[in-house]
Amino acid sequence: QKDPVCELILETEEEFQRHRNLTFFRSLFPRPTSWLYPISMDNMIRQWHSIDTGWKLLTSYENKMLKRYERVGFFRLDVIYMHPINILTNESAVIPPLMFSQGFKNNFLNDRLFYGDRDIGAIWASERFDSVDEFISWKMSNKDKVTFSGLHSEEMLRFLLIEKHRLSANITLRNICFQRVRTTGKVLTSDCDIFGNRKSGDEPARGLFVLGSPDSATSFLTSLLVHGLGYKSPGELAFANDTTLYENTDVSSQNNIWLKEQGTTWDEILLRPSPINSSNITEGFMPELSCATNACLSSTPVSQSREAQYFMHRDKALSAYNDPSNFPWVMMEPLLCFILKLWIKILSGAPSAVIYTSIKIH
């Protein structure tokens, strides 16, 4: 095994400022914000410059050695990583979730770490400065998708990867815990508290399911989560009497496909408590006979009855629920009481909770 290659560039503050016009970037100072003017903006531009220079150093080395790296990673040196990180996976682009609560909006992507395919790494590392004017123009026309005026790093990352290059389906948000170390030596030990299990390295929870029988206040509970706590109810939603039901129509359609292929409907299924534990027993539908993943499409007992568009609604639903801009999501649909296992198999990341309500509305 060869020793790792180390290429290093050291720059003075004067050299950095010859490359970057700090006066211009200070004119784009974000507001409202808790940042300190001008030092917070200056530090962000230093970070961008360091990342951009690192990418140029990588490509220069590739050209010199007549080789190309297919997997790349960008990792901060002023942090303590709390668990091993393997970048040789099949994931196209991995970044950590945000290390703070976003309140009612979800307009950011973490800019502290990246690993994945080279082509996406190039976007993450080298397109920030060249895209500033385009980003500011986009913000002026999409104020519903932004939090700040001006230039903000985590908003820029979301713009580049999701809005400009449409890569939401390629992004994996992974619980990668690292704690920042200040120049004083102080370690910010609270950096990973939002993750819960700070040393697992597993993907974070991305949403929750609301389960319940018809007329059991599931729509009311979901509306509280959406309007009160900032959860997203993504995709096309069903309506009744001009009222949003918060039921994704593609989730409902796929659920009905799974029921239909077993020759049943929702009102023919029985759900009763188990006499020996706290679980429920479903009679009339067996999730293991239906297929949720591409791998099982031709191997389950009822595969011969499947049409070419069997997964059309599943794919549309996954496009909405796996989009990082829709985290944290809430999924509510009456048939989830019977079909939950199938959706858990295919949604990226685990749900943070499953809420069951049995309140009857009369």
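The values are calculated or read from the model by the stated rules, or taken from the named source; none is laboratory data. Please read these numbers as outputs of a predicted model, since none were measured by experiment. Because the Cβ atoms are built from the backbone with ideal geometry, glycine has one as well, and the counts that use them run over all protein chains shown. The area values use the complete protein model at the heavy-atom level, side chains included, leaving out ligands, DNA and RNA. Shrake-Rupley method; radii C 1.70, N 1.55, O 1.52, S 1.80 Å.
In table form, for the structure just shown:
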quantity	calculated
Label-point separation in nm, residue 92 to residue 229, each point 7 Å along Cα→Cβ	3.1 nm
Chain lengthening between residue 256 and residue 217 when straightened (0.36 nm per residue, less Cα-Cα)	11.9 nm
³J(HN,Hα) computed for each position of the range 16-28 - Karplus, 6.51 cos²θ - 1.76 cosθ + 1.60, integer Hz, glycine/proline x	4, 6, 6, 7, 10, 7, 5, 4, 5, 5, 5, 5, 9
Rounded to whole Hz, the Karplus (6.51, -1.76, 1.60) HN-Hα couplings of the range 222-233, x for glycine and proline	5, 4, 5, 5, 6, 8, x, 10, x, 5, 9, 10
Förster radius 45 Å - calculated FRET efficiency between residue 60 and residue 134, Cβ distance, rounded to 0.05	0.95
Residue 140 - accessible surface, heavy atoms, 1.4 Å probe, Å² rounded to 10	130 Å²
Heavy-atom SASA rank of 6, 296, 177 (probe 1.4 Å, accessible area, largest first)	6, 296, 177
Set 56/143; 260/345; 145/232; 56/139 screened for pairs whose C-alpha atoms are more than 22 Å apart	56/143; 56/139
Cα-based reach from residue 164 at 15 Å (exclusive), listing aspartates and glutamates while leaving out same-chain residues under 8 positions away	119, 127, 130, 133, 134, 154, 155, 323
Other-chain or far-sequence residues with amide H under 5 Å of residue 329's (modelled H)	207, 208, 232
